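J.: Structure below; questions to follow.
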2 protein chains.
Amino acid sequence: MSQFTDFMPDALAEARAAAARGEVPVGAVVVKDGAVIARAGNRTREMNDPTAHAEMLAIRAACAALGSERLTGCALWVTLEPCPACAGAIAAARVERLYYAAPDPKSGGVAQGPRVFDHSQAHHRPEVYTGLHEGEAAALLREFFAGKRQAPR
Amino acid sequence: MSQFTDFMPDALAEARAAAARGEVPVGAVVVKDGAVIARAGNRTREMNDPTAHAEMLAIRAACAALGSERLTGCALWVTLEPCPACAGAIAAARVERLYYAAPDPKSGGVAQGPRVFDHSQAHHRPEVYTGLHEGEAAALLREFFAGKRQAPR
């Protein structure tokens, strides 16, 4: 028997906080030894930074917290399939396990398109688990973009 | 007739400065309207940040300078083929033209492996030019890693 703690609700909370800031609702947390050591939601608009995705910010914060450029033994939980940039960062950081909720056929880089982990140029391949809370994560995104289309410009 | 200014020497200067700091010698500059608006070398060790590649730092600095998450009309000059993470960031930032000096069969994400720009999940494809000052950029990397192997641990 083994214990399994689901940290996707923590990532979803970050996604909801991002939506409340007017950002695309994606959230992420980094977990080590059963505890969240970093959490982030998208801040690309607020920071004027196209790399300020939830995963990228959470990875950088976790590395800062650990004083290391490697997240050996860490898991990243994120509400949406990482894009190619974030997948590259996940490989570079040596994240041990990646859990993502919803697939992203339009922009994903893990299970579609470039499939960043499936080439030797990614020097590390995390274990990848998908689908946990997929419906909730996808609904958050759908509602956000539906609201955008109705909002006055 | 059209004018062409070669900014690779600026990127190479950043690469040499990175080597002097003990970082893998890769450098990058962002150019807009014929002027360098951001420059950076690798700082992954100094910053304990696996995403602190020259391109990523230069893109973030250029976006901050312009107050925009898009680098429309900008060119990125970098001494080495971008990795998948940096290629993803280049696409996300809408960099117009990418110039890189040396190919990177081991870790590149543009012309090898994931070929990030060759899939619809990259929502922008820059013009890509390669080979300018390739020998000098590759020599810097060779010398750096040769020195590392000889250095006492």
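J.: Of the residues that sit in the range B:107-127 and are within 19 Å of B:Ala137 (Cβ to Cβ) and more than 7 Å from every other protein chain (Cβ to nearest Cβ), which one is surrounded by the most Cβ atoms within 10 Å (Cβ to Cβ)? Show your work before the answer.
T.: Here is the first cut: in the range B:107-127, the ones within 19 Å of B:Ala137 (Cβ to Cβ) are B:107-112, B:126.
With more than 7 Å from every other protein chain (Cβ to nearest Cβ) added as a condition, the list becomes B:110-111, B:126.
Numbers: B:Val110: 25, B:Ala111: 17, B:Pro126: 22.
Result: B:Val110.
J.: In the range A:49-76, which residues are under 19 Å from B:Cys86 (Cα atoms), at the interface with chain B (Cβ under 7 Å from one of its Cβ atoms), surrounded by fewer than 24 Cβ atoms within 10 Å (Cβ to Cβ) and among the hydrophobic types (A, V, I, L, M, F, W, C)?
T.: Result: no residue meets the conditions.
J.: For the range A:29-46, how many residues are within 8 Å of chain B (Cβ to nearest Cβ) and without any contact (Cβ under 8 Å) to a residue 12 or more places away in the chain?
T.: Selection size over the range A:29-46: 0.
J.: Among the numbered conditions (1) touching a Ser or Thr at 6+ places or on another chain (Cβ under 7 Å); (2) not in a helix (DSSP H, G or I), tell me where B:Val31 comes up short.
T.: (1)
J.: Select, from A:Ala139, A:Ala101, the only residue that is modelled with pLDDT of 95 or more and in contact with a strand residue (DSSP E or B) (Cβ under 7 Å, 6 or more places away or on another chain).
T.: A:Ala101
J.: Please pick out the residue among B:Ala87, B:Ala92, B:Ala138 that is more than 10 Å from chain A (Cβ to nearest Cβ) and among the hydrophobic types (A, V, I, L, M, F, W, C).
T.: Sole residue among the options that is more than 10 Å from chain A (Cβ to nearest Cβ) and among the hydrophobic types (A, V, I, L, M, F, W, C): B:Ala138.
J.: Those residues that are surrounded by fewer than 23 Cβ atoms within 10 Å (Cβ to Cβ) and acidic (Asp, Glu), I need them from the range B:1-48; list them, please.
T.: Correct list: B:Asp6, B:Asp10, B:Glu23, B:Asp33, B:Glu46.
J.: Okay, moving on. Got a number for residues in the range B:95-106 being more than 11 Å from every other protein chain (Cβ to nearest Cβ) and over 13 Å from B:Gly131 (Cβ atoms)?
T.: Adding up the residues that qualify gives 2.
The values are calculated or read from the model by the stated rules, or taken from the named source; none is laboratory data. None of these values were measured; they are calculated from a predicted model. Don't worry about glycine lacking a Cβ; one is built from the backbone with ideal geometry, like all the others, and counts go over all protein chains shown.
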